[in-house]
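One structure is given here, and the rest of the page talks about it.
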Amino acid sequence: MENADPVSSEIDPLEALLIEVQAFSPCDIIGNVHEISGLCVSVRGLNAFVTIGDRVTLNPSGGEPVRAEVVGFKDDEARLMTFSTLDGVGPGTEAVFPFRKERGTRSLNVDDTWLGRVIDPLGKPIDGRGLLVPGLYPKPLRAAPPLATQRARLGPRISLGVRALDVFTTCREGQRLGLFAGSGVGKSTLLSMLARQADCDVAVIALVGERGREVREFIEDDLGPEGLKRSVVVIATSDTPPLMRREAPYAAMTIAEYFRDQGKSVLLLMDSVTRFCLALREIGLSVGEAPATRGYPPSVFAELPMLLERAGPGAVMPETGKAGFITALFTVLVEGDDTNEPVSDAVRGILDGHVVMDRRIAEEGRYPAIDVLRSLSRAVPGCNSAQENALTRRARALMASYEGMIDMIRLGAYKQGTDPSVDEAIRLMPGLTALLSQEKTEASTLVEGFAKLGALFGEELPL
């Protein structure tokens, strides 16, 4: 990894030398920029040597080197997109490809010491706390998930630390949930609660296309020192090129896989899949791919499952008979609060459940603004007891009855005694609303959540 300081790590000198030898390039292939069109740079002289995904360095005269990636080909030119601005790049700019006979894949040298650090998608620290210690063995950024027949089944249920989720969308280790919400309804705050309070060994957080001014607020205020201590945060803000925004989820997934392969329980939080898809759309349209559904080229919906399927249970390790888990929550920024737009539909079909955040609930002042009736976890009811399932079904039925009659209740048109289920809903709704409400600093556990629900209905559940 670039900018890593081998002296500061606990690497055996022979192993450090091996890493240097493997990274050594016997020769450089030199090409030249021929044309720049939009976000794409066309380079001549590299076609016979590069493939899709290869990294090339552009060397503008009098400027800093610009890293780029091969994203396509046209005639005798390789088409590149850069990881930074194109300042100083023009026709004739030198393009250098470090040629190796055995071409390696794009990778990150992840290490345990990355916990508590904030990095960019290329694996460079951006928290001002010095260089990262590189791991000995690189992990590829593009990797296939464990074989479907060899990966473990979902683990036991996991406490996420948010009552509304624990009780009504109970999650198991290795499960993948989608968090669907419009802008400004509390997604980031909910993610910070999960990062601090969820029962996991490691949290990996990817902020894709996030507003730059909100990054420090999220890390220092929402996540806090305790949450950051067990987390790795990968950031690509909204002003970064689409290639960086596309790379952030892959970097976060690779880091999560590193800890999963150690047998750990990893919580992966990604905000948001929508901005990842927008970056893919920018790249696809720039290289000439035809737009399809709402301007998204077909490659976007082909690449989504390749990323999302990597989360989940790992393969069973022969030496221990156990597996690590990546429990993942992917946020989807729905356009105009339309949960049926193309990205939402595609993500919902891939994941193991969905959580819907509603602007109307947020406007009423209940946070987290989770719409329980429109949210579900496909692991329920298999992971809960019969008593817990009965309680959640009863609570859902009451909330549905109240929702159906809410206009008449507010107008005073409903007369008590007309419908016993509505009467019970009116009586219990204040308690249910209190159960679903939670301050962002308030800690909760799954067992405590069900105990409070049971107490609301006069039933006692074991703690």
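General observations
- For SER107, distant residues with modelled amide H under 5 Å away: LEU141
- Karplus 3J(HN,Hα) series, Hz, for the stretch 57-74 with 6.51 cos²θ - 1.76 cosθ + 1.60 (x for Gly, Pro): 10, 9, 10, x, 5, x, x, 6, x, 10, 7, 9, 9, 6, 10, x, 9, 8
- Treating r as the C-beta distance of MET306 and SER84 and R0 as 35 Å, the FRET efficiency rounds to 0.85.
- Trypsin sites (Lys or Arg not before Pro) restricted to the stretch 125-174 and DSSP loop, no more than 11 other C-beta within 10 Å: ARG129, ARG153
- Computed about the Cα centre, the dipole magnitude for the stretch 249-373 is approximately 300 debye when only Lys and Arg (+1) and Asp and Glu (-1) carry charge, each at its Cβ.
- Amide H contacts of GLY263 (H built 1.01 Å from N, in plane; Pro and chain starts excluded): GLY324 sit under 5 Å, all sequence-distant by 5 or more or on other chains.
- VAL204 long-range amide H proximity, modeled H, under 5 Å: VAL232, LEU267, LEU268, LEU269
- R0 of 45 Å, Cβ-Cβ distance SER61-ARG378: FRET efficiency to nearest 0.05: 0.20
- Simple label model, 7 Å out from Cα along Cβ direction - ARG129 to ARG394, nm: 4.7
- Applying the Karplus relation 6.51 cos²θ - 1.76 cosθ + 1.60 with θ = phi - 60° to the stretch 216-232 yields 3J(HN,Hα) values of 5, 4, 5, 5, 7, 9, 6, 6, x, x, 5, x, 5, 4, 10, 10, 10 Hz, where x marks Gly and Pro.
- Residues of the stretch 138-161 with amide N under 15 Å of a point placed 7 Å along Cα→Cβ from LYS322: 152-153, 155-157
- If R0 is 25 Å, the Cβ-Cβ spacing of THR149 and ARG348 corresponds to a FRET efficiency of close to 0.50.
- Taking label points 7 Å from Cα along the Cα-to-Cβ direction, GLN262 and CYS27 give a separation of 4.2 nm.
- Spacing of the modelled spin labels on ASP419 and ASP338, each 7 Å from Cα toward Cβ, amounts to 3.1 nm.
- Ligands, DNA and RNA are left out, and with a 1.4 angstrom probe the accessible area of the stretch 341-463 is 51 Å² per residue.
- Extension gain from ASP199 to SER299, taking 0.36 nm per residue of separation minus the Cα-Cα distance: 32.4 nm
- Each Cα pair under 8 Å and six or more residues apart adds its sequence gap; the mean of these over the residue count of the stretch 205-358 is a relative contact order of 25 percent.
- As a size descriptor, the averaged projected area of the C-alpha convex hull of the chain was calculated at 25.4 nm².
- Reachable lysines, given that their alpha-carbon falls under 26 Å from the alpha-carbon of LYS74 and they are not under 8 places away in the same chain: LYS101
- In terms of packing, defined here as the mean over residues of other Cβ atoms within 10 angstrom, the peptides 259-267, 411-419 line up highest first as 259-267, 411-419.
- Taken as entire DSSP H runs, the helices of the chain that both span 18 Å or more between Cα atoms along their own long axis and average -0.5 or more on the Kyte-Doolittle scale are 242-260, 273-286, 386-411, 420-436.
- Mean residue ellipticity (222 nm) of the chain, computed from DSSP H runs ≥ 4 via -39,500 (n - 2.57), nearest 500: -10000 deg cm²/dmol
- The mean sequence separation of alpha-carbon pairs under 8 Å and at least six residues apart, normalised by the residue count of the chain, gives a relative contact order of 16 percent.
- The packing ranking, built from the mean of other Cβ atoms within 10 Å per residue, places the peptides 349-358, 426-435 in the order 349-358, 426-435, highest first.
- Carbon plus sulfur fraction of accessible area for the chain, probe 1.4 Å, in percent: 53
The values are calculated or read from the model by the stated rules, or taken from the named source; none is laboratory data. Just so we're clear, the structure is a prediction, and the values are computed from it rather than from any experiment. Cβ sites come from the backbone with ideal geometry, for glycine too, and all protein chains shown count toward neighbours. Note: areas computed on protein heavy atoms with side chains; ligands, DNA, RNA excluded. Shrake-Rupley method; radii C 1.70, N 1.55, O 1.52, S 1.80 Å.
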